[in-house]
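Following: one structure in structure tokens, then a few remarks.
No lab work stands behind these numbers, since they all come straight from the coordinates. The structure displayed is predicted, hence computed values, not measured ones. Cβ placement follows ideal geometry from the backbone for every residue including glycine, while neighbour counts extend to all protein chains displayed.
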Amino acid sequence: MLGPSGAGRARRRVFSRNLGQLGATVGVCFAFVAGASDCGFPTYGFGTSGAGGSAGGTGASGASGTSGAGGTAGNAGTSGGGSAGVSGTGGDAGAAGAGAPCVYPTPVTAAPHCVDGTANDGETGPDCGGADCVPCSGTEACSKNSDCVSNVCTAAKTCSPVLSMTYMSIVADASTPTPKFSLSIQYLDKTSTPLQGLRIRYYFNHNGVAEPLLAHTQATYDPGGSQRNLRSDELSYQIFRYPPGPADSNGIVTDSFLEITFPSNASLTTNSTLNVTQDIVVPGSSSSGAEFQQALDYSFLNRGSFAVNKSITVYRGDQLVWGVPPPMTLFPDCAFAAGVNLNGSTVTVDGNAIQSSSEASVAYSGAIYQNTATFVPAADSATTTLLRTGFTLASDTATWPVANGKYWAYAWLVSDPSLASGQLMIQDNPTDRFIGVQEGTSPSVGWARIGPYAIDVLGGSVKLAGTGSVDVAGVELFQTSP
């Protein structure tokens with residue numbers, strides 16, 4: 001995987017219009033514009049429904065109309081009845097056939113003209129607007145409202161943006177354990193919106209860096225002449241990880257993004273500003289091994305002063321209002337297969353039912369833990385419940401009965417008070433290195449949802465083990481193609 005330097009990189013991106021509706025969790029399915037892309041081993045694809053049969057033709061004089069052919073596993077079309085001397089009516093279309101089970105989706109692709117860096121083939125701006133490409137988020141040219149993320153094409157035939165955003169890299173090193181950048185956002189829409197509805201996403205490649213990744217956010221908010229620092233309880237972040245996506249036109253592969261949110265009672269009004277300084281920190285710094293390779297990160301630009309960066313996205317609720325997301329491979333809701341809360345109760349996390357370890361018949365005789373600490377990053381109540389208990393895996397192993405098949409596996413890991421570090425082993429394969437961390441004068445312990453890892457279950461169970469010492473709170477599996 002090769003990518004040019006951030007300074008000289010052309011901004012050509014692969015995407016789907018539906019990327020504007022990307023949710024905060026993994027449970028999202030996508031429609032695709034054109035073509036298919038190979039996402040490497042294993043190979044995955046949607047189960048597709050059979051197409052409906054075509055309508056029956058008009059019958060000849062005095063004859064019945066021809067029946068429409070049904071789709072795969074579909075119903076045949078009904079014959080059109082015709083009396084003597086009168087043409088029969090066309091047969092009804094056959095119903096769509098039943099589809100195969102929903103599994104892992106095909107990666108997002110786009111028409112070639114949406115990623116060539118120029119405004120062509122119906123685009124109103126470079127790689128945006130028109131029927132095929134993402135709507136434009138700046139002041140690009142437009143011919144109709146739908147060409148713009150604001151859904152407003154002005155009388156001058158330019159988009160009216162919802163906001164403007166500029167970016168500056170503070171740490172611009174190609175290899176670093178601490179990427180750091182600043183953002184300056186000016187809200188331009190005439191309709192105010194709660195600050196807590198704003199979500200900023202910075203996309204990067206995990207690159208094997210140690211977990212748990214921590215982030216530090218500082219932000220100032222100015223509704224107009226009264227700038228103030230946002231309190232720590234008005235700032236939040238979470239890091240999301242996915243299987244490596246298809247490479248964009250620059251060879252950049254994205255598997256992670258940092259999402260910054262603002263649990264604040266403030267509102268964004270016209271011309272209010274929001275300034276953010278953000279870093280991401282690898283635990284143990286460079287001693288942990290792998291570092292971020294920023295030249296291979298989708299959202300990185302080597303900019304020593306503020307400049308436009310549309311490879312960082314901003315959402316207002318579920319609406320994309322700035323930027324172009326990278327191609328990413330995501331799980332549909334229906335791909336969730338099973339989950340287990342180790343040494344804990346049944347709990348629902350992100351809409352997925354996670355069984356207790358006793359309910360899931362997990363076999364384990366080693367040390368267990370209960371953690372009453374505050375977690376960093378902050379977690380919702382369901383995730384916090386899951387993180388509170390788990391197994392300590394060092395020399396012991398746990399066995400979880402699961403149906404044979406291919407899965408993507410995630411695991412929740414927690415730092416313990418002694419800051420032990422190690423690696424979880426799933427099916428005897430090592431996952432990412434985990435280094436215990438604490439933050440603050442009243443220590444908060446780090447946690448991470450690591451993965452996903454492609455696994456094969458052949459003997460009816462998932463084996464969990466560890467090297468060093470690692471506290472595992474839970475595991476969940478997503479189904480792949482048979």
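What to note about this one:
- Nearest-0.05 FRET efficiency for Thr273 and Gln370, computed from C-beta distance (R0 45 Å): 0.50
- Cβ crowding within 10 Å averaged over residues, with 123-130, 399-406, 349-356 ranked highest first: 123-130, 349-356, 399-406
- Take the Cα of Ala174, step 7 Å toward its Cβ, do the same at Asp428, and the gap between the two points is 3.9 nm.
- Gain in span if fully extended, Ala266 to Asp121, counting 0.36 nm per residue against the direct Cα distance: 48.0 nm
- Loop-resident trypsin sites (Lys or Arg not before Pro) (DSSP state other than H, G, I, E or B) in region 154-255 with no more than 11 further Cβ atoms inside 10 Å of their Cβ: Lys190, Arg231.
- Environment charge at Val282 (Cβ cut-off 15 Å; Lys +1, Arg +1, Asp -1, Glu -1): -4
- Dipole magnitude of region 333-479, debye to nearest 20 (Cβ charges: Lys/Arg +1, Asp/Glu -1, about Cα centre): 120
- Förster radius 25 Å - calculated FRET efficiency between Asp318 and Ser226, Cβ distance, rounded to 0.05: 0.25
- Gyration tensor verdict on region 333-479 (Cα atoms; rounded if a/c is under 1.5, prolate if a/b is larger than b/c, oblate otherwise): prolate
- Euclidean distance between Cα centres, region 251-320 to region 127-192, Å: 14
- Evaluated at q = 0.17, 0.18, 0.28 Å⁻¹, the base-10 log of the normalised Debye intensity for region 409-482, with identical point scatterers placed on the Cα atoms, takes the values -0.64, -0.70, -1.35.
- If R0 is taken as 25 Å, the Cβ-Cβ distance between Ser356 and Ala378 corresponds to a FRET efficiency of 0.55.
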